[in-house]
Amino acid sequence: MDTPHTEEHEPIPDDESGTTYIGPMRVRRSETDTARTTDRRLLEWVDPRDDQRRAERTMRDSWRVLRIQSEFVAGFDAMSNVAEAVTVFGSARIRPDSREYDLAVRLGRVLGSAGYAVITGGGPGAMEAANRGAYETRSRSIGLNIELPFEQHLNPWVDVGMNFRYFFVRKTMFVKYAQAFVCLPGGFGTLDELFEALTLVQTKKVVRFPIVLLGRAHWAGLLDWMRETLLSAGVISEADLDLLHVVDEPEEAVEIIAAAAATRGRADAGADIGQEQP
Ligand SMILES: C/C(=C\CNc1ncnc2c1ncn2[C@@H]1O[C@H](COP(=O)(O)O)[C@@H](O)[C@H]1O)CO
């Protein structure tokens, strides 16, 4: 029989005891439960010919909206005091004895020393390293973790941390509270975050928001492909390519970010706020 959880009370793993909470109830955790993350339940396919399942889904989705709303509220509250900040993306898999890890620590330090808070995904690898560098400078070190199908911990260098259930809520926080993105070498997750940022800037959903790719060797092939395939096919423009800054040193990244910040006038910020609907 399935573990008796409802959508209103999703399981919260309790790492210490090896049990899971379903609302107020404490149950033994099974792999099947933890694999069914909140995002997975949200996106789960329901057979359109199954009227009963479709009706259940409609009811569950109505409740789900309230949970999504509460996650936004918690995120806005937690982040409301963040001042100047840069979001750093990068591989979850790089090891502490690698050059890439060292690069990410140096980036965190340089950003921290320049007065920026550092926001990462709060996980291991490049995220941990960037948080570590920021933490060492006593700048604010923020980790926005995500529920995954396997055990997930905030890295120890985070001093403000949150654990999100919904990918898209977390992504909003990455953008909303930062004034630039730096992408360290990474895989699919990093590419997803990079391209989301790029699309937001390209479509002017965010303005004066530099995107810096750190580590030329890692990014060169992708940039060549963008130029040779995407630009040649006319599906992007030369100006789109200019949205990306490619550098090798953390100091160069910070120079680019500071220069963009300097062009950001008060008029800019004021122009948007006040005329908008929430
Ligand atoms: C795979 C491993 C851990 C996964 N833990 C993660 N925790 C938090 N954020 C993550 C994690 N994995 C990916 N991300 C996000 O994607 C980017 C990195 O993805 P990539 O595919 O590794 O490039 C990163 O910026 C995070 O926001 C280790 O066992």
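Lys and Arg at +1, Asp and Glu at -1: add these up for the other residues within a Cβ distance under 15 Å of Ser232 and post the number.
-3
Order the following by accessible area, largest value first: Thr203, Thr120, Thr137. Probe radius 1.4 Å; ligands, DNA and RNA are ignored.
In descending accessible area the options line up as Thr203, Thr137, Thr120.
Given the whole protein assembly as supplied and a 1.4 Å probe, what does the accessible area of Val235 come to in Å², nearest 10?
Its heavy atoms expose roughly 100 Å² to the probe.
In nm, what is the difference between 0.36 nm times the number of residues separating Leu231 and Ser62 and their Cα-Cα distance?
Working it through step by step, the gained length comes to 56.6 nm.
When a/c reaches 1.5 or more, the comparison of a/b and b/c decides; with that in mind, is the range 124-271 rounded, prolate or oblate per its Cα gyration tensor?
prolate
Which residue, chosen from Ala134, Met173, Gly189, occupies the Cα position most advanced towards the positive end of the dipole of the range 125-224, where the dipole is computed from +1 (Lys, Arg) and -1 (Asp, Glu) charges on Cβ about the Cα centre?
So the residue we want is Met173.
How much accessible area per residue does the range 46-132 have, in Å², with a 1.4 Å probe?
Normalised by residue count, the accessible surface of the range 46-132 is 52 Å².
Can you list the GluC sites (Glu not before Pro) in the range 60-165 that are in a DSSP coil and have 16 or fewer other beta carbons within 10 angstrom?
Hits after loop and neighbour filter: Glu151.
Could you give the nm distance between label points at Thr203 and Arg95, where each point is 7 Å from its Cα heading toward the beta carbon?
Here the modelled spin labels are 4.1 nm apart.
So how do Trp157, Trp219 rank on accessible area, 1.4 Å probe, biggest first, that is with the largest at the start?
Trp157, Trp219
Rounded to the nearest 20 debye, what is the charge dipole size of the range 74-273 about its Cα centre when +1 sits on each Lys and Arg Cβ and -1 on each Asp and Glu Cβ?
440
How large, in percent, is the carbon and sulfur part of the accessible surface of the range 45-162 at a probe radius of 1.4 Å?
Here carbon and sulfur together make up 52 percent of the probe-accessible area.
The values are calculated or read from the model by the stated rules, or taken from the named source; none is laboratory data. Because the structure is a prediction, the values reported are computed rather than measured. Virtual Cβ from ideal backbone geometry, glycine too; neighbours counted across all protein chains shown. Ligands, DNA and RNA are stripped out before the accessible areas are found, and what is left, the full protein with its side chains, is counted by its heavy atoms. Shrake-Rupley method; radii C 1.70, N 1.55, O 1.52, S 1.80 Å.
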